[in-house]
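S.K.: Before anything else, here's the structure in question.
The values are calculated or read from the model by the stated rules, or taken from the named source; none is laboratory data. None of these values were measured; they are calculated from a predicted model. All Cβ positions, glycine included, derive from the backbone under ideal geometry; neighbour counts span all protein chains shown.
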Amino acid sequence: MSPKQLYGVTGIFLLSIACFLPLAKLNDFIISIIPVWSNYAYEGGIWNWRDISFFAVTLSILILLSLFFAFKKNFNGILITSLLVLFVIFIIFITLLQVESKASVYSNVHFQIGWGWVSLLPGAALLLRAGINKSA
């Protein structure tokens, strides 16, 4: 396995794990990309999983495509999927910022960024590193 493939597979592994880890918390309620923490809706519209459901499905498809490209040694494909992954992560982050602004109106609702970003951002960076051509 080449070093670029190793970067790609490691990034894919970290991204896959990050889909299930908590990205944020509303009081004791956990928000993750894949709704394994029963995070469908909370507090009358402060958080609805459907806000990022399209991007959760898109991220899953991009992870599978990246895995395919890594094993086929198509590093241009990995570069394209990694840029799309970064775009999806950006949209999810913007959505969480909107949730934070909605939660700040209520005094009894506390928003906190979770530790799932520790896996999500390095995974995307490793995937991007796998797709970048060293000679360019």
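S.K.: Are any of the residues in segment 124-134 farther than 23 Å from M1 by Cα and in contact with a helix residue (DSSP H, G or I) (Cβ under 8 Å, 6 or more places away or on another chain)?
M.R.: Scanning segment 124-134, I find no residue that is farther than 23 Å from M1 by Cα and in contact with a helix residue (DSSP H, G or I) (Cβ under 8 Å, 6 or more places away or on another chain), so the answer is no.
S.K.: Tell me which residues, restricted to segment 80-90, are crowded, with 18+ Cβ neighbours inside 10 Å and either not β-branched (V, I, T) or not in a helix (DSSP H, G or I) (or both).
M.R.: Passing the criteria: only S82.
S.K.: Which residues, taken from segment 17-30, are touching a helix residue (DSSP H, G or I) at 6+ places or on another chain (Cβ under 7 Å) and over 15 Å from V57 (Cα atoms)?
M.R.: L21, L23, A24, L26, listed by residue number.
S.K.: Does any residue in segment 3-15 that is in contact (Cβ under 8 Å) with a residue 12 or more places away in the chain come within less than 9 Å, Cβ to Cβ, of a residue that is surrounded by fewer than 19 Cβ atoms within 10 Å (Cβ to Cβ) and not in a helix (DSSP H, G or I) six or more places away or on a different chain, and which pairs are these?
M.R.: Hits for this filter: K4/K73; K4/I132; K4/K134; Q5/K73; V9/M1.
S.K.: Let me ask something additional. Could you identify the single residue in L59, L121 that is under 11 Å from the mean Cα position of the chain (by Cα) and touching a residue at least 40 places away in the same chain (Cβ under 8 Å)?
M.R.: When all the criteria are applied, what remains is L59.
S.K.: Please verify whether segment 91-112 includes one or more residues that are assigned to a helix (DSSP H, G or I), closer than 29 Å to I132 by Cα and free of Cβ contacts under 8 Å to residues at least 24 places away in the same chain.
M.R.: Yes: one or more hits.
S.K.: Still on this structure, I have one more. Any residue at all in segment 19-33 that's in contact with a Leu (Cβ under 9 Å, 6 or more places away or on another chain) and more than 28 Å from K102 (Cα to Cα)?
M.R.: Start the filter on segment 19-33 by keeping residues that are in contact with a Leu (Cβ under 9 Å, 6 or more places away or on another chain), which leaves 19, 21, 23-24, 30-33.
Adding the requirement that they be more than 28 Å from K102 (Cα to Cα) leaves none.
Looking through segment 19-33, none of the residues is in contact with a Leu (Cβ under 9 Å, 6 or more places away or on another chain) and more than 28 Å from K102 (Cα to Cα).
S.K.: Say whether the condition of being at pLDDT 90 or above, among the hydrophobic types (A, V, I, L, M, F, W, C), part of a helix (DSSP H, G or I) and farther than 17 Å from I132 by Cβ is met by at least one residue in segment 18-39.
M.R.: Scanning segment 18-39 turns up at least one residue that is at pLDDT 90 or above, among the hydrophobic types (A, V, I, L, M, F, W, C), part of a helix (DSSP H, G or I) and farther than 17 Å from I132 by Cβ.
S.K.: Same structure again: Which count do you get for residues in segment 2-56 that are at positive phi and out of contact with any Phe, Trp or Tyr (no Cβ under 9 Å at 6 or more places or on another chain)?
M.R.: 2
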